Amino acid sequence: MNILFPPGFFLRLSLALPILAIRLSPASAAEAGECPASAAEVETGPVGREDLAGRRFLLAAVDGEAFAIAGPAPTLEFLADFGVAGSVCNRFRGQGELAGGVLFVRDLILTRRFCFQPELNRLEAIVAAMLAAGAALAWSGDALILSQGGHELVYAAAGRIEPAFNGN
């Protein structure tokens, strides 16, 4: 007898997981001029390691549509040692490598708690796949665009990362 989960919990959970549509705002924010442009709409220069190290970004758009899910916006952070960290529903971290304008994150680790919003589960899978397989990077103003596997994520700049306190 399972006393930790109510009867039918896993059945309801398995039925909820296939619902993978990302909820988007009814009118595209790009049409309203609020969303950074996609990679196809801008001329881009190379994205260098020095451009990213120590910076934090917040997800603004997924596949050309504004990100509009309630709760904290997913993050992407580039640490001073070029570690890459962030969150969707879970936190992730790995070691970034930049080669020919493509970001690869090796040794990617993720926490594995359940996301109650199915669209966040889908988005988390997309982000993890992009970072592991290698995502092409481009700039649109100060927004960072990641493209890979038919998906495009636009992250808006959100400032610098404060160095960790080292006790000195």
### Task
Of the conditions (1) in contact with a Ser or Thr (Cβ under 9 Å, 6 or more places away or on another chain); (2) more than 20 Å from residue 46 (Cβ to Cβ), residue 123 clears all except one; give me its number.
(1)
### Task
Of all residues in region 41-93, count the ones that are under 23 Å from residue 119 (Cα atoms) and either at pLDDT below 95 or not basic (Lys, Arg) (or both).
29
### Odd one out for residue 106 among (1) over 14 Å from the mean Cα position of the chain (by Cα); (2) modelled with pLDDT under 95
(2)
#### Entry: When residues of region 128-149 are limited to those that are assigned to a strand (DSSP E or B) and in contact with a Pro (Cβ under 8 Å, 6 or more places away or on another chain), the one surrounded by the most Cβ atoms within 10 Å (Cβ to Cβ)
145
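To keep it simple, each residue is scored yes or no on (1) within 21 Å of residue 143 (Cβ to Cβ); (2) of a type in the set (Lys, Arg); (3) out of contact with any Leu (no Cβ under 8 Å at 6 or more places or on another chain).
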site: 66; (1), (2), (3): yes, no, no
site: 78; (1), (2), (3): yes, no, no
site: 81; (1), (2), (3): no, no, yes
site: 96; (1), (2), (3): yes, no, no
site: 99; (1), (2), (3): no, no, yes
site: 106; (1), (2), (3): no, yes, yes
site: 109; (1), (2), (3): no, no, yes
### Query
Do we find a residue being in a loop (DSSP other than H, G, I, E, B) and either under 16 Å from residue 48 (Cβ atoms) or in contact with a helix residue (DSSP H, G or I) (Cβ under 9 Å, 6 or more places away or on another chain) (or both) anywhere in region 158-168?
no
### Query
For residues in region 51-62 being out of contact with any Ser or Thr (no Cβ under 9 Å at 6 or more places or on another chain) and within 22 Å of residue 150 (Cα to Cα), which is surrounded by the most Cβ atoms within 10 Å (Cβ to Cβ)?
60
### Query
Can we say residue 152 is in contact with a strand residue (DSSP E or B) (Cβ under 6 Å, 6 or more places away or on another chain) and either assigned to a strand (DSSP E or B) or of a type in the set (S, T, N, Q) (or both)?
no
### Query
Looking only at strands (runs of 3 or more DSSP E) that fall completely inside region 72-127, which ones have 3 or more residues that are small (Gly, Ala, Ser) and surrounded by 14 or more Cβ atoms within 10 Å (Cβ to Cβ)?
83-87
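The values are calculated or read from the model by the stated rules, or taken from the named source; none is laboratory data. Please read these numbers as outputs of a predicted model, since none were measured by experiment. Positions of Cβ are backbone-derived with ideal geometry, glycine not excepted, and every protein chain shown enters the neighbour counts.
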